[in-house]
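Some notes on the structure that comes next.
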Amino acid sequence: MAPADLRTILLEALDDERKAEATYAAVIAKFGAVRPFANIIDAERRHAAALERQLRRLGIGVPPDPWPGKVKAPATLAEACASAIEGEIQNVALYDRLIPLIADPAARQVMENLQAASRDRHLPAFRRCLERERGPAD
């Protein structure tokens, strides 16, 4: 894979992680430090930092974060949980698309780890959040 291709892949993943962080920050600003948003926002920051480290390792400049202040929180916490579920599903799908394109072992491992966190920890946490806010389904 040409370095430009890996650059594009890493930047696309970084943008997605930063968008998630901005989204969860908007929810926290509106509703307070509610779980799981308060916990997962820190994970999103770590995800972005891991991708930034890969960019620096490859000699690629890290662009400024364009997302702060550009995302509005949904009207209710239940809607925020539902939106976060959709965002995490899209994040997993993004990594499903990008990971097979990566030949660099270190970058591939980082992205596999980030995908696993979204799929195995964030998504279930937001599903529990939605159930808590809406009540159990009949």
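Structure summary
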read-out	value
Unique residue being closer than 24 Å to Thr8 by Cα, surrounded by fewer than 20 Cβ atoms within 10 Å (Cβ to Cβ) and in contact (Cβ under 8 Å) with a residue 24 or more places away in the chain when the list is Ile85, Ile60	Ile60
Sole exception among (1) within 29 Å of Ile99 (Cα to Cα); (2) free of Cβ contacts under 8 Å to residues at least 24 places away in the same chain for Ile28, by number	(1)
Filter pass, Glu44 being charged (D, E, K, R), touching a helix residue (DSSP H, G or I) at 6+ places or on another chain (Cβ under 8 Å), without any contact (Cβ under 8 Å) to a residue 40 or more places away in the chain and under 21 Å from Leu6 (Cβ atoms)	no
Residues of region 72-82 satisfying the condition of being surrounded by 13 or more Cβ atoms within 10 Å (Cβ to Cβ) and free of Cβ contacts under 8 Å to residues at least 12 places away in the same chain	Glu79
Test: residue in region 38-57 that is of a type in the set (Val, Ile, Thr) and surrounded by fewer than 18 Cβ atoms within 10 Å (Cβ to Cβ)	no
Filtered residue count, region 55-74, keeping only those that are within 18 Å of Ala20 (Cα to Cα) and either small (Gly, Ala, Ser) or in contact with a Phe, Trp or Tyr (Cβ under 7 Å, 6 or more places away or on another chain) (or both)	2
Qualifying positions in region 108-138 - in a helix (DSSP H, G or I) and either small (Gly, Ala, Ser) or touching a Gly at 6+ places or on another chain (Cβ under 8 Å) (or both)	Ala116, Ala117, Ser118, Ala125
Test: Gly69 is in contact (Cβ under 8 Å) with a residue 40 or more places away in the chain, at positive phi and not basic (Lys, Arg)	yes
Residue count, region 107-123 (criterion: surrounded by fewer than 16 Cβ atoms within 10 Å (Cβ to Cβ) and either closer than 16 Å to Arg53 by Cβ or in contact with a Leu (Cβ under 7 Å, 6 or more places away or on another chain) (or both))	3
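Each value in this text was obtained by applying a stated rule to the coordinates, not by laboratory testing. All figures in this text were calculated on a predicted structure; none of them were measured in a lab. Glycine gets a Cβ as well: all are built from the backbone with ideal geometry, and neighbour counts include every protein chain shown.
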